[in-house]
C-alpha cells in the first residue's frame, strides 16, 4: 500500500484546524470521510490484499478514520462554542438601562396600621365588626348610657346631618356604637374589635382632624373581670409595641364603662404615653344591648388608630395622613 | 381645677414630694396635667420704685425706665411694657438673678441703651397668666424689699388637675384633699369656722319661696351686716391668683375663695335694694329681661331659672349670673348671702343658651353638694370678719327637690366578680370609709350610703368603681379571659383585603381624602347635587357628605398635579352616603372602590377591572357600553357581574377634568363593593386538566363598529360548545383593506376534549359552526 496515512492525517489535521465555520467543517467531513475520501477509497482497495496484510491495513485504516472523526468532532465543539459566544454576545443587555423603577402601589399608612391591628387581635381570638359611619343618636349616645342632656355629651363635639328628625342622625363620634350593634346581632360570648372612621367638629391642626380613625374592642362573656381587661391590654401592648413596653390603668370617666380607666403605655425609656380609654361595660349598656348584667359582664377599650400610624413612622402632623400628597403616600 | 399643696394641707396632713403626689392624684383619677413650684426662684427679685419713664431713642416698643432698687440711685432698665407710672412699685429682677424659667438676668444693651435688670410681669414670676404688662404692686413697700416678702409668697406647689365630668366634688380643694388623704390613710377634716353670730335673725328679715321645686333643690340665705368693700388680704388674693381667678374686692374674692375651697358657689345681694326683702325662685317668662352684673340686658326664656324679688322682678339668672339692680357697692351695709342647689340640666341649658359659662355654672352643671351650704356660709362670714362684717343668726333654708339618695346594697361577691379581686366585706367597708361612703354590714354584703357631694354615685356599679379606685387599679391582678372562640376576618373583610392587594399589585397607591365635600363639588363631578348635608359644619367646604368617591379623588389628582406630580395611579376604598330610595332609619351607606389612572385611558381602566375580577374570581362579568353623567360619553361601560350592575369603567368626562383642574386624561373605575362582594364569586368547581392534545383555530372577522367585540365573542362561545378550552381576541385592525365603519377582530379558539384527541373532521365541523354563527347573526363576515 503506497498510501502514507500519517501524512494524510497530518494534512487533514491542519485543514480541520483551519476550518473557519461549521459549513467549512461540514465540507471537510465529506471530503475526509465521505464516499470519495481517501480513507473510503483505501478501504475499497483492501480486497486486493492477502489476509494478513488486509487485517493489518484494515486496522490502520480504522484507526485513521477514528482519528479523523475525533479531530472533526473536536473542531465542531470548538466552533459551536465560538458561535454560541458570538450569538449570546449579540444579545448583551445593560440591565441598568432597563431598570425603569416599576413599582407596586402602597397601602395607605392608616390601612397598614388598621390591618396590623386586625391581624393582632384575630391572633388573640377576636373577630372584626363594623358599623355605619352615619349613626343614629340612640346608638351613638343613648344606648351608651348618655341620656339626653347628659353633660358628658359635651365631651364630644358632634357633627349632625340633615336626615330624619333634627339632631336624630349624626356622624358617629366614636366607634362605640358598634358595640351596641354587635350586641343586637350576636349572642355572647363576644370577642370583637371595631376599627372605623369617626368624626368630631374639630378644626384641623397637627393633632386634630374632623375625620380620624379609632379601634375599639368589646369582650362580653361570663365572669369577665377588670383584671381580664388589664391583662388583655398588657398582652396587646407587648404584642403591638414590643417587649419593653408595659401598660397601666388610671381611673377615668366614660358613661358607657364603669369602672372606667385611661390606659397608658410605658416606653422602654420610662416615659408614659396616654393611649386610650377603657373599662368594664356599664350595666346600662349591657341592658341596652339586650343582655342581663347579672349573667354577662364585659370590658371595652378603644384608642386612636391614626396616632399609632404617626408614632410608628415618626410623622408629627396628623393632617399629612389626609393630604394625599403622592410624595407622602409612596413612602410607606 | 388647680390646687395648692398648702391649701390641701389645711384639710389633711398630706405627705410626699410633688412628683409622688402627682402620681397619687393621677392614680385616683384626678389626672395631673402639670405640677408647678411657685414662690421659688424669686430670690434676686426685689421691689423697685419707678422714678422716671423716657422713650427709647431708637425703638418704639421699648421704653427706658429709671428705678430705685433700694439704694436711692436711679438704675436704668429697658422695658417692653408701658402700663406703669412714675411712683409705682414694680418687681425688678436684678443682675445675676436666675428666673423661674432658667433665664439669667445680665446687663445688656437693647438697641444701644443699657438695661440693668428686668421688670417682671405676673407670668414671669409664676403669678397668674397675665403676661401683657408689668406687675404693679399694691400697698406700700420699701424699695429693695425681696418680692417674696412683699407678696407674702411662701414656697408652694400648684397642681393642675383635669377633673372628669362625674366628679364635681373634685372641683374643690377640699374634695381633692379628701381623696388624697384617703389614699394616704391620713385623717381628713373640714375645719369648723370660728364665727360669732350677732344682730337680727335672718328669718325675721327675709323670705324665700321656691315656685319650681324641680329647678331649685335648695335656696339658703343668711345675712351679713357691716359689710364694707375693700381689697382682700394679700394671702387670699395670692391663692385666688394662683388658682386662676383675678382678685377683685373683699366680697367677690371671698365668694370665689369659698367656691374654690368647698365647691359651693354663692351670690350676694344688697339687702337694701331687694324689694320686699324676699326671694321668689321660678322659671322665667318668655320675653322677660334682666340687666346682669356685666351691664348687659338679656332676654330670658322659660328654659332659664331666675331669682325674683318679692315684687316678682327678676334679680338674677339662676346659677349663671346675678342682676345689676341688687349689686353690692360702696354704700352696701347688709348683704343677703345666697347658697343654692340648682338642677344641673337647667343650669347647663341656660348657661349654654346665654353663652355665660362661669366657674359657678360649671359646678352647678356637674352637680354641687346640696348639704355644704351651712358650712360654706359660716366659712364665708369667717373670711370676711376682718373687714368688719358680722353674721346674723338664723338661715332661711327653702328646699325643693334634690335627687333621692337611696341606700345601696353592695354585694361582696359582685365587687370581686367585676374587679377580679378577693376583697372581704370588711375590707371593702374600710376602703369606702375615708371617702365618706358609709358602709354597714348586711349579711355577707354591705349597705352603703353615698355622701351628698357624690351625685355621680347612685348604683352598685358606681360604688364598685370607688372600691377599685381606693384599692388602686394597679393593684388588681392581671388575668386573661379564657375564651373558646377562634378569631378570624369575615369573608367580606378578606375580600376587601383582596381588593386592596390587587390594586397594590397593579402599582396603584391608596389615598384617603376626607369624606366631606364643598357645596358644588358633586355637580362639578357630574353627579346629582343631593348629598346629605352636615347640620353644623365647621366650614362650608366641609358641609356635604360625599355620595361618590369621584370628587375627592379628582381633588387629590388636582392637588398633586399642582405639585408637578403627574401620571399617578390612585385608588380609594371608602364609604359613600346617599339618600335612600325608600324611607329607612339611616342613609344608604355603601363601600366603594374608585380607581383613577391619570394620563391613561379607558383601556387601562378595563385592565384594572379585569385584574380585580380575576383576583375576586368574579368570572361571569360583562361590560356594556353606557352613558353616565360625569364619565366620558363614548368611553364608558357598565360592569355587570352575573347580570347585576356593580359599577362603571372608562374615563372621566373631559369637561369634569377641566372643572377640577386635572390636566391629564383620567382612566376611571368605580365599583360598589357592597353589591360586587354580595354576588356569587370566588371558588369555582375544580376541572381536571385534559391529558389529550389541543387544537387551535384562528378566525378573523370584519365586524361593524357598532357591534361590540364581546357580542362576537359570546356568539363564538355558544357555537363552539363544550369543547372550547380557551378563547382570546388577539388582534384588532382598522383600515384598508377593511371597509370604513368596520374593523377586523381576530380570535384564537383552542379546543380540547377530556377523553380523546379531536379529529380533523370534528375540527372542521366546529370551525364551520363558529363561522356560520357569527356571519348568520351579526353584521360580520369571515376575512379570507
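Give the residues of region B:498-532 that are within 7 Å of another protein chain (Cβ to nearest Cβ), assigned to a helix (DSSP H, G or I) and in contact with a strand residue (DSSP E or B) (Cβ under 7 Å, 6 or more places away or on another chain), sorted by residue number.
Passing the criteria: B:500, B:503.
Please specify each residue of region A:84-115 satisfying the condition of being within 14 Å of chain B (Cβ to nearest Cβ) and either free of Cβ contacts under 8 Å to residues at least 40 places away in the same chain or part of a loop (DSSP other than H, G, I, E, B) (or both).
Within region A:84-115, A:100, A:101, A:102, A:103, A:104, A:105, A:106, A:107, A:108, A:111, A:115 qualify.
This table checks each residue for (1) under 37 Å from the mean Cα position of the chain (by Cα); (2) over 21 Å from residue A:187 (Cα atoms); (3) modelled with pLDDT of 95 or more.
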| site | (1), (2), (3) |
| --- | --- |
| A:207 | yes, yes, no |
| A:226 | yes, yes, yes |
| A:247 | yes, yes, yes |
| A:277 | yes, yes, yes |
| A:288 | no, no, yes |
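Looking at (1) in contact (Cβ under 8 Å) with a residue 12 or more places away in the chain; (2) surrounded by fewer than 15 Cβ atoms within 10 Å (Cβ to Cβ); (3) away from chain A (no Cβ under 12 Å), which is the one condition that is false for residue B:562?
Looking at each condition in turn, residue B:562 falls short on (3).
Can you pull out every residue in region B:364-377 that is over 24 Å from residue B:304 (Cβ atoms), surrounded by fewer than 24 Cβ atoms within 10 Å (Cβ to Cβ) and out of contact with any helix residue (DSSP H, G or I) (no Cβ under 7 Å at 6 or more places or on another chain)?
Across region B:364-377, the qualifying residues are B:371, B:374.
Which of the residues spanning region A:245-256 are touching a strand residue (DSSP E or B) at 6+ places or on another chain (Cβ under 9 Å) and within 10 Å of chain B (Cβ to nearest Cβ)?
A:247, A:248, A:249, A:250, A:251, A:252, A:253, A:254
Does residue B:380 fit the bill of being more than 27 Å from residue B:283 (Cβ to Cβ), surrounded by 22 or more Cβ atoms within 10 Å (Cβ to Cβ) and assigned by TED's automatic domain parsing to the domain that holds residue B:283?
When the stated conditions are applied, residue B:380 passes them.
Among the candidates A:125, A:131, which residue alone is within 14 Å of another protein chain (Cβ to nearest Cβ), in a loop (DSSP other than H, G, I, E, B) and in contact with a helix residue (DSSP H, G or I) (Cβ under 6 Å, 6 or more places away or on another chain)?
On inspection, the qualifying residue turns out to be A:131.
It is to be established whether one or more residues within region B:543-551 are in contact (Cβ under 8 Å) with a residue 40 or more places away in the chain, exposed (fewer than 14 other Cβ atoms within 10 Å of the Cβ) and in a loop (DSSP other than H, G, I, E, B).
no
For region A:165-185, give me each residue that is in contact (Cβ under 8 Å) with a residue 12 or more places away in the chain and surrounded by fewer than 18 Cβ atoms within 10 Å (Cβ to Cβ).
Residues satisfying the conditions are A:167, A:168, A:184.
Can you find a residue that is in contact with a strand residue (DSSP E or B) (Cβ under 7 Å, 6 or more places away or on another chain), facing chain B (nearest Cβ under 9 Å), closer than 22 Å to residue B:459 by Cβ and surrounded by 19 or more Cβ atoms within 10 Å (Cβ to Cβ) anywhere in region A:286-301?
yes
Keeping to region A:257-269, report how many residues are under 13 Å from residue B:461 (Cα atoms) and either more than 12 Å from chain B (Cβ to nearest Cβ) or without any contact (Cβ under 8 Å) to a residue 40 or more places away in the chain (or both).
3
With respect to residue B:741, is the statement that it is farther than 21 Å from residue B:637 by Cβ and modelled with pLDDT under 95 true?
No, not satisfied.
Can you pull out the residues in region B:402-443 that are modelled with pLDDT of 95 or more, in a loop (DSSP other than H, G, I, E, B) and touching a strand residue (DSSP E or B) at 6+ places or on another chain (Cβ under 8 Å)?
Of everything in region B:402-443, those that are modelled with pLDDT of 95 or more, in a loop (DSSP other than H, G, I, E, B) and touching a strand residue (DSSP E or B) at 6+ places or on another chain (Cβ under 8 Å) turn out to be B:407, B:411, B:437.
In the set B:330, B:316, B:322, which member is farther than 25 Å from residue B:369 by Cβ and assigned by TED's automatic domain parsing to the domain that holds residue B:218?
Criteria check complete, one pass: B:330.
The values are calculated or read from the model by the stated rules, or taken from the named source; none is laboratory data. Please read all numbers here as calculations on a predicted model, not as lab measurements. Cβ: placed from backbone, ideal geometry, glycine included. Neighbour counts: every protein chain shown.
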